[in-house]
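Step one of this worksheet: look at the structure below.
Every read-out reported here was derived from the displayed coordinates using simple, explicitly stated rules and does not represent laboratory data. Remember, it's a predicted structure, so these values are computed and weren't measured experimentally. Every residue, glycine among them, receives a Cβ derived from its backbone with ideal geometry; neighbour counts consider all protein chains shown.
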Amino acid sequence: MSNKNYKENSAKNENEAKDVLDNSKNENTEGETGENKKLVAYFSVAGEVYNVGTVDVGNTAIMSSYIVDYLKADSFEIVPVKPYTTIYKDLIEVAKEEQRNNARPEIKNKISNFEEYDTIFIGYPIWWGDLPPIVYTFLEEYDFSGKTVIPFNTHEGSGISGTYDRIKNKLSNANVNTNGLALQGKVSRTDDGKSETINWLKNLGY
């Protein structure tokens, strides 16, 4: 794919992701009932993105939108009380410091009807070989007992970095499916990334 075609494809999927995620927010669907309710919870950073450029919608958010749209699931963005910098080199230093301090950044928003969901997809970028600390905050704030948890992530060469097993170990009372999906950040923004995500969901039985 040429650079021009990539940018056009990325911009198209970014615009579609905005609509999908805006219309599926947990607070917009609270109180809905139905069997096997699904939630896609994700943490994503926009701004300067490695190997992509400056974007309005982060890689993991776009990947999340594919899942939300295909499953008609609710979405929940994990938003920090203290916003992260959008300057990539500065974000690297923040991530390193949080990991050194075993930080648990506070999450701004809450899910008031978490108990209604049976299946939780959890998406995140890999930060220095691990989950972003704020995702650990999310895992520790809610009771996942008896729920199906399916992780997915974006990365820049590190794959899953053992994070699916870390989630499984942390959520010992949940049914964590470690057959997740890891997409390289640049790929996640393309139609190829969308197709790979949908094929993964089909292979999971959805």
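Between Asp22 and Trp128, what is the FRET efficiency for a Förster distance of 35 Å, r being their Cβ-Cβ separation, to the nearest 0.05?
0.70
In straight Cα distance, which lysines are under 29 Å from Lys168, not counting same-chain residues fewer than 8 positions off?
Lys25, Lys37, Lys38, Lys72, Lys82, Lys96, Lys108, Lys110, Lys147, Lys186, Lys194, Lys202
What is the calculated FRET efficiency for Asn109 to Asn3, with r their C-beta to C-beta distance and R₀ = 35 Å, to the nearest 0.05?
0.45
Within a 10 angstrom radius of the beta carbon, how do Trp200, Trp127 rank from fewest other beta carbons to most?
Exposure proxy ranking, most exposed first: Trp200, Trp127.
Given charges of +1 on the Cβ of Lys and Arg and -1 on the Cβ of Asp and Glu, with all other atoms neutral, how large is the dipole of region 3-203 about its Cα centre, in debye to the nearest 20?
460
Can you tell me the FRET efficiency between Lys82 and Asn203 if r is taken as the Cβ-Cβ distance and R0 is 35 Å, rounded to the nearest 0.05?
0.35
Let me check against my output: what whole-number percent is the relative contact order of the chain, with C-alpha pairs under 8 Å and at least 6 apart?
Over the chain, the number comes to 23 percent.
Could you derive backbone 3J(HN,Hα) for region 59-69 from the dihedral phi with the Karplus parameters 6.51, -1.76 and 1.60 (θ = phi - 60°), listing whole Hz in sequence and x where the residue is Gly or Pro?
Whole-Hz 3J(HN,Hα) from phi for region 59-69: 4, 5, 5, 5, 4, 4, 5, 5, 5, 4, 5.
Show me the GluC sites (Glu not before Pro) within region 54-161 that DSSP assigns to loop and that have at most 16 other Cβ atoms within 10 Å of their Cβ.
Glu106, Glu156
If you add up the charges near Ala95, with Lys and Arg at +1 and Asp and Glu at -1, over every other residue whose beta carbon is less than 15 angstrom from its beta carbon, what do you get?
Net charge around Ala95: -2.
Give me the extension gain from Gln184 to Ala46: residue separation times 0.36 nm, minus the current Cα-Cα distance, reported in nm with one decimal.
Residue separation times 0.36 nm, minus the Cα-Cα distance, leaves 48.1 nm.
Semi-axes, largest first, in whole Å: what does sqrt of 5 times each Cα gyration tensor eigenvalue give for region 59-175?
23, 16, 15
Set Lys and Arg Cβ to +1 and Asp and Glu Cβ to -1, take the dipole of the chain about its Cα centre, and tell me which of Thr86, Gly162, Ser10 lies farthest positive.
Of the listed residues, the answer is Gly162.
What number comes out for the charge environment of Pro151, summing +1 per Lys or Arg and -1 per Asp or Glu over other residues with Cβ under 15 Å away?
+3
Scaled to the compact-protein estimate 2.2 N^0.38 Å, what is the alpha-carbon radius of gyration of region 3-203, rounded to two decimal places?
Rounded to two decimals, the normalised Rg is 0.96.
Taking amide H positions as placed in the peptide plane 1.01 Å from N, state which residues far from Val49 in sequence (5 or more) or on other chains have amide H under 5 Å from it.
Distant-sequence amide H within range of Val49: Thr54, Val55.
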